[in-house]
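Presented below is the structure to which this report refers.
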């Protein structure tokens, strides 16, 4: 299983990165037993559609998972819709989308369309159902409700190891946007990689119930016994080394800061 950062800028696209978008891929077999690569996108924020073209043909994405419906995590759904409807080879098959309730209406509003636009030719929407894993080829996707001002979900993905001699199955977790809450520990428990937002900075951002700080992300990583912490969703005005230092205050494992194009092989 492989994780590639498509975009990681927090709350908006930045001078060096699109907003939130992460590509998870694993090799497996199709229904006929033929080998293929399975691809899952987690979020598709502002600027992400263009950046995605550097990593995978969007026609080959098997599932799009939206952690929540804030614009910096889903606004480029319209770019994906255009790509699928007007592709030169003809319209592409609908892309399955796992999202919070109301995703169709949210996408319709971003696109500026009336209720006659169902996007049925481009997307099929399903709602997050905690406790009901979704199976996609060799990947298992689980949803966990988290603590944000709108309905939001963390995402846990389990798949085959890409490293010879390693464990057969590996796991990553993505917090989406959240502050600390009880569901984060089962989301992140014993994962090989925790992709954690850290949009707030200790001493600067005091409002609660919105985002993690580096320190709180580190506390989560330590309490959940994760093997590697990757900090993401930092706004353009934040010094990443300050947030990384906060995480190291409570977590002794490796801490990386997400960057466009960064890739981890699990």
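Would you kindly work out the equivalent ellipsoid of region 27-155 from its C-alpha gyration tensor and give its semi-axes, the square roots of five times the eigenvalues, largest first in whole Å? Intermediate values should be presented prior to the final figure.
Values: eigenvalues 96, 83, 36 Å².
The three semi-axes for region 27-155 are 22, 20, 13 Å.
Report, to two decimal places, the Cα Rg of the chain normalised by 2.2 N^0.38 Å (N = number of residues). The partial results should precede the final answer.
Values: Rg = 17.6 Å, N = 266, 2.2 N^0.38 = 18.4 Å.
Cα Rg divided by the expected 2.2 N^0.38 Å: 0.96.
Take the chain, connect every pair of alpha-carbon atoms lying under 10 Å apart with a spring to form a Gaussian network, then pick out the residue of 230, 97, 207 with the largest mean-square fluctuation.
Residue with maximal mean-square fluctuation among 230, 97, 207: 207.
So for the chain: antiparallel DSSP bridges make up what percent, rounded to the nearest 5?
Among the beta bridges of the chain, antiparallel pairing accounts for roughly 60 percent.
Please compute the length gained on full extension between residue 239 and residue 116, using 0.36 nm multiplied by the number of residues separating them and subtracting their Cα-Cα distance.
39.8 nm
In deg cm²/dmol and to the nearest 500, what is the mean residue ellipticity at 222 nm of the chain if only DSSP H runs of at least 4 residues count, each as -39500 (n - 2.57), divided by the residue total? Can you show the working numbers first?
Numbers: 7 runs with 51 residues, N = 266.
So the calculated ellipticity at 222 nm is -5000 deg cm²/dmol.
Over the Cα atoms of region 144-266, how large are the radius of gyration and the largest Cα-Cα distance (Dmax), in Å?
Rg then Dmax for region 144-266, in Å: 13.8, 45.
Suppose a student asked you for the relative contact order of the chain, using Cα pairs under 8 Å spaced at least 6 residues apart; what percent would you report? It would help to have the intermediate numbers written out before the result.
Values: 669 pairs, mean separation 46.9, N = 266.
Over the chain, the number comes to 18 percent.
Which whole-angstrom value gives the distance between the alpha carbon centres of region 115-169 and region 18-50?
Between the Cα centre of region 115-169 and that of region 18-50, the gap is 11 Å.
List the equivalent ellipsoid semi-axes of region 205-266 in whole Å, largest first, each obtained as the square root of 5λ for an eigenvalue λ of the Cα gyration tensor. Let's see the in-between values first.
On the way: eigenvalues 64, 52, 21 Å².
The answer is 18, 16, 10 Å, longest axis first.
Can you tell me the orientation of helix 214-223 relative to the chain, as the angle in degrees between its alpha-carbon axis and the longest Cα principal axis, to the nearest 10?
Once rounded, one gets 90 degrees.
Values in this text are rule-based calculations from the coordinates and carry no lab data. Nothing here was measured: the structure is a model prediction, and the numbers come from that model.
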